[in-house]
Amino acid sequence: MTDIVAIIVNGLVYGSIYGLVAIGMTLIYGTLRILDMSQGSMVMIGGYVGWWALATHGVNPLLALVLAFVVTFVVGTLTELVSVQPLIGRRGEVDFEMVTFITTFAVGILLTNVALQHFGPFQKNVPPIVSGNLDVYHGVSISYHELTMAGVSVLLMGALGLFLARTRWGFAVRAVAQDLDAARSLGVPVSRLYPATMGLASALAGVGGVFLGALYFASPTAGDLPLLQALIVVVLGGLGSLTGTLYAAYLVGLMQAFCEVEIGTTWTLPILYTAILIILVIRPYGLKGSPSEARL
């Protein structure tokens, strides 16, 4: 029973943070039809914002999360304006998905090297948002930081769902995802919607970066593993499917927790990737994907 509780607790924590980072990539793909390879750098920036705010200036943790959200929103918006916006009018001339894959990847490398030059190669300790541990069941415990991370992740993902379902801008995002030409003909300001969407997705990753920075460290390469995990979750869930992304995030989280508890960390990644390979062979478009254009 102890192992089952440990698997469920750790799986929900892993799944929540995976979902928070990956759902931004899904939102971008569903709206812009690109895979944003700069998302890992947004996690890294969020980690450094957390370190700057919490470790060096003693800022209130809630304010630190808000600050990370704002900073990465701005950086994500600028990333879209620099690496994607100039190519939108040339969709017919170039392979838009491949070229933007490369340009956003280039932005990610640029941001990583800027962090390396400014902060150096050394890891920075990020204080936890909340200190202490909660004893869940007979030796199974979870830190309040991880509990807060899971709660905030679920809250933000829920807020994103309400934003898409209930607000004017959310309707516009869904309209563009469904039919770009029809949305334009109805007056949706696509040139403003794209940067804002990418900024919002980046901001979600930035908040995740604060939590991950406290779990591990803030460093120039801190976004590499979250980017890989987000790509796995997005592809497994189905490109452009927000629901599929959530399913995949918690599935990957539970599989990882099961491997760590029952088998050991050495075999976690090989077993995880083998399971994902089998799932994708059976369902090539992912858990909730579609052979037609992806839909939010």
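Coordinate-derived values only; no laboratory data. Given the structure is predicted, the values throughout are model-derived calculations rather than measurements. Heads up, the Cβs are rebuilt from the backbone with ideal geometry, glycines too, and the neighbour counts pull from every protein chain shown.
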Taking Cα atoms, the helix 2-32 axis meets the longest principal axis of the chain at an angle in degrees (rounded to 10) of 20 degrees
Residues in the range 192-231 reached by a label modelled at His57 [backbone nitrogen below 14 Å; 7 Å Cα→Cβ] = none
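With N set to the number of residues, divide the alpha-carbon radius of gyration of the chain by 2.2 N^0.38 Å and report two decimals. Kindly include the intermediate steps, with their values, before the conclusion.
Details: Rg = 18.9 Å, N = 296, 2.2 N^0.38 = 19.1 Å.
Output field value: 0.99.
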Choose one answer from Leu87, Leu251, Leu67: the residue with the largest mean-square fluctuation in a GNM of the chain with alpha-carbon springs under 10 Å.
-> Leu87
Choice from Ile109, Ile88, Ile276 with maximal GNM fluctuation in the chain (Cα, 10 Å cutoff) = Ile88
Tell me, what HN-Hα J-couplings in whole Hz come from the Karplus equation 6.51 cos²θ - 1.76 cosθ + 1.60 at θ = phi - 60° for each residue of the range 248-264, using x for Gly and Pro?
-> 5, 4, 6, 5, 5, x, 5, 5, 4, 5, 4, 5, 5, 7, 9, 10, x
Under 5 Å between amide H atoms, partner at least 5 residues away or on a different chain: which partners does Ser143 have, H built in plane at 1.01 Å?
-> Leu134
Angle between the chain longest axis and helix 39-50 axis [Cα atoms, degrees, rounded to 10] = 50 degrees
What residue among Glu262, Glu97, Glu80 has the largest mean-square fluctuation in a Gaussian network model of the chain, using Cα springs under 10 Å?
-> Glu262
What relative contact order, as a whole-number percentage, does the chain give when Cα pairs under 8 Å and 6 or more residues apart are counted?
-> 38 percent
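Any idea what diffusion coefficient the range 1-127 gets from Stokes-Einstein, in µm²/s, Kirkwood Rh on alpha carbon pairs, 20 °C, 1.002 mPa s?
Answer from the Stokes-Einstein relation: 129 µm²/s.
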So the pair-distance distribution of the range 77-119, from every Cα-Cα distance in 10 Å bins, comes to percents of 29, 46, 19, 6, 0
Computed over the range 1-62, the distribution of all Cα-Cα distances in 5 Å bins, rounded to whole %, is 4, 15, 14, 15, 16, 15, 12, 7, 1, 0
Mind pulling the angle between the C-alpha long axis of helix 96-119 and the longest principal axis of the chain? Nearest 10 degrees, somewhere in 0 to 90.
-> 50 degrees
Please check which bits of the range 33-60 a label hung off Thr221 would reach, taking the label as a point 7 Å along Cα-to-C-beta and the cut-off as backbone N under 19 Å.
-> 38-48
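Which order do Thr26, Thr265, Thr221 fall in if you start with the one that has the fewest other Cβ atoms within 10 Å? Mind dumping the intermediate values first?
Details: Thr26 29, Thr265 10, Thr221 14.
By the 10 Å Cβ count, ascending: Thr265, Thr221, Thr26.
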Once you put a point 7 Å from the Cα of Asn133 and another 7 Å from the Cα of Arg283, both along the Cβ direction, what distance in nm separates them?
-> 3.6 nm
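Quick check on the chain: helices-only [θ] at 222 nm, where DSSP H runs of length 4 and up contribute -39,500 (n - 2.57) each and the sum goes over total residues. Nearest 500, please. Walk me through the numbers before you get to the answer.
Details: 12 runs with 210 residues, N = 296.
Calculated at 222 nm, the ellipticity per residue is -24000 deg cm²/dmol.
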So how far apart, in nm, are the two label points at Gln117 and Thr274 if each is 7 Å from Cα heading toward Cβ?
-> 4.5 nm
